[in-house]
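Accompanying notes for the structure given below.
The values are calculated or read from the model by the stated rules, or taken from the named source; none is laboratory data. These numbers come from a predicted model, not from an experiment. No Cβ is skipped: glycine too gets one built from the backbone with ideal geometry, and neighbour counts run over all protein chains shown. Each accessible area value is taken on the protein alone, full model and side chains, heavy atoms only, with ligands, DNA and RNA left out. Shrake-Rupley method; radii C 1.70, N 1.55, O 1.52, S 1.80 Å.
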Amino acid sequence: MDYKLRCTGCKTGYPPDTSFPRCDICGEPLEVETAFPACIREDEPFGSTIFARYGEFLPFSDEGRGLTLGEGFTPLVEAHPLAARFHVGRLFLKDESRNPTWSFKDRGTVTALAHAVALGYGTIGTVSTGNMAASVAAYGARAGLNAVVLVSAGTASEKINPIAIYGARVIRVRGDYGSMYHKSLEIGRSREIYFMNSDVPFRVEGSKTIAFEICEQCRFNVPDFIVVPTSSGGNFRGIVKGFEEFKRAGLIDRLPRFVAAQASGCAPIYKAYRERQEIVTPIDEPRTIAGAIANPAPPSGNAALRKIYETGGIVAAVGDDEIIEAQREMAGQGIFGQPAAAVPLAAVKRLVREGEAHPDHSIVCLVTGGGLKYTAAFAHHRFSVSECDLDDLSRCIDDVL
Ligand SMILES: *Cc1c(COP(=O)(O)O)cnc(C)c1O
Ligand SMILES: [Zn+2]
């Protein structure tokens, strides 16, 4: 399909083979301008591949098909007891832990990878110590490309091993972690390495498919709120863009209210929103259990804010105690997300308390990544485990029930 790239800030256009993700003039992130008309390919079933079913909305023809590991088409699980408990109409959990490397990152990795392959790159890279690193490492292996993953110097080996298992080259870099984002893009530009960092345009394209699936799973009755745990802002941008494109295609008739949910220990976008600023100022030191959303200098922070203001969205922030409680409540519904993935549910309670969400509203929370990725969170919960002799077992079972 045809497409152009356009700056989300100053709106300057760029040619489609541009791999540098930011505007040379104003420094804001670029995005893909989708060509219309576009429609869902009904001959490709829901559950085939995101390239097959949503290909008309994506800037690729066929490149993605050989690269997929089956990302996307995750369940939208309705949680009646939570809706009742929090006094909202309907509450849904979009379980992104079902992706190939247990987080939504795989959607954007496969679309960015398709772009890298189309442009002839032999090496891909990213800056991350968590979900994105594992995702890029896995898809690099899948495509037979070199993958370089930059982590900060102090990163523990239990976080590096799940990246290294895929054969990626892991480099511990001493120095400011925030600067690695921009430095890696510069190195990528001169050394022919496609750095698919958090919010690059072709990663944002993959995140759109979350919105597409939610629309389909709700039979095109758009929910009232979509709550997205937000760090760099890339996923948030993709989800908004996905709904906007389905509206433009005539598949839905309105947009939901978008809620960017942050952890109060790292909430630069929330701070700017509270103060009605247009520019997100980096914070000093993130301090939160939700490590997957602890970017102190979000590269798509301004772009996310623009969308919040333009669409009447909300930014919310929740504390670690609320996050841990929400993690337990989700697990009580059979869904075990990591702390960052529990932030939306915690934010829903705030929305109710602050009078934004009502008993007739339907709400979708994005459960962005699986709980087994961060077992350190167990230390914040209290579980009771019993022990007994085999002879006492039936009495013991009576006791625990
Ligand atoms: C990356 C990530 C996020 C944040 O996404 P951004 O695009 O950086 O805003 C949220 N939750 C989980 C589990 C993640 O891995
Ligand atoms: Zn610009």
Quiz item: Placing +1 at every Lys and Arg Cβ and -1 at every Asp and Glu Cβ, with all other atoms neutral, what dipole size does the range 41-154 have around its Cα centre, in debye to the nearest 20?
Solution: 360 debye
Quiz prompt | Accessible surface of the range 85-195, 1.4 Å probe, proportion on carbon and sulfur as whole % | solution = 50 percent
Exercise. Find which of ILE165, ALA317, THR34 sits farthest along the positive direction of the dipole of the chain, computed with +1 on the beta-carbon of Lys and Arg, -1 on that of Asp and Glu, about the Cα centre.
Key: THR34
Practice problem: Could you sort 284-295, 213-224 so that the peptide with the highest average Cβ count within 10 Å comes first and the rest follow in order? | Solution: 284-295, 213-224
Self-check item: Cross-link reach list, lysines versus LYS241, counting only Cα pairs under 20 Å and skipping chain neighbours closer than eight places
Solution: LYS4, LYS11, LYS94, LYS105, LYS208, LYS307
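Which value, in debye to the nearest 20, describes the size of the charge dipole of the range 135-223 about its Cα centre when Lys and Arg Cβ atoms bear +1, Asp and Glu Cβ atoms bear -1, and nothing else is charged? Kindly include the intermediate steps, with their values, before the conclusion.
Working: 11 positive and 8 negative charges, 52 e Å.
About 260 debye.
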Quiz item: Between rounded, prolate and oblate, where does the range 291-374 land on the alpha carbon gyration tensor, with a ≥ b ≥ c its root eigenvalues, rounded for a/c under 1.5, else prolate if a/b exceeds b/c?
Solution: oblate
Self-check item: Summed side-chain charge close to ALA133 - residues other than ALA133 whose Cβ falls under 14 Å, Lys, Arg +1, Asp, Glu -1
Solution: +4
Exercise. Please report, in debye to the nearest 20, how large the charge dipole of the chain is about its Cα centre when each Lys and Arg carries +1 at its beta carbon and each Asp and Glu carries -1 there.
Key: 960 debye
Exercise. Report the net charge of residues surrounding SER300, where surrounding means a beta-carbon distance below 15 angstrom and charges are Lys +1, Arg +1, Asp -1, Glu -1.
Key: +3
Practice problem: Over the range 75-183, average the accessible area per residue using a 1.4 Å probe and give it in Å², no decimals. | Solution: 41 Å²
Practice problem: Over the range 276-322, with every protein chain in place, what whole percent of the accessible area is carbon and sulfur at 1.4 Å, could you tell me? | Solution: 46 percent
Exercise. Give the accessible surface of the range 239-384 per residue, rounded to a whole number of Å², with probe radius 1.4 Å and ligands, DNA and RNA excluded.
Key: 44 Å²
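For a quick protection proxy, order the peptides 335-344, 95-104 by their average other-Cβ count within 10 Å, most packed first. Display every interim value, and only then the final one.
Details: 335-344: 29.2, 95-104: 24.4.
Descending packing order for the listed peptides: 335-344, 95-104.
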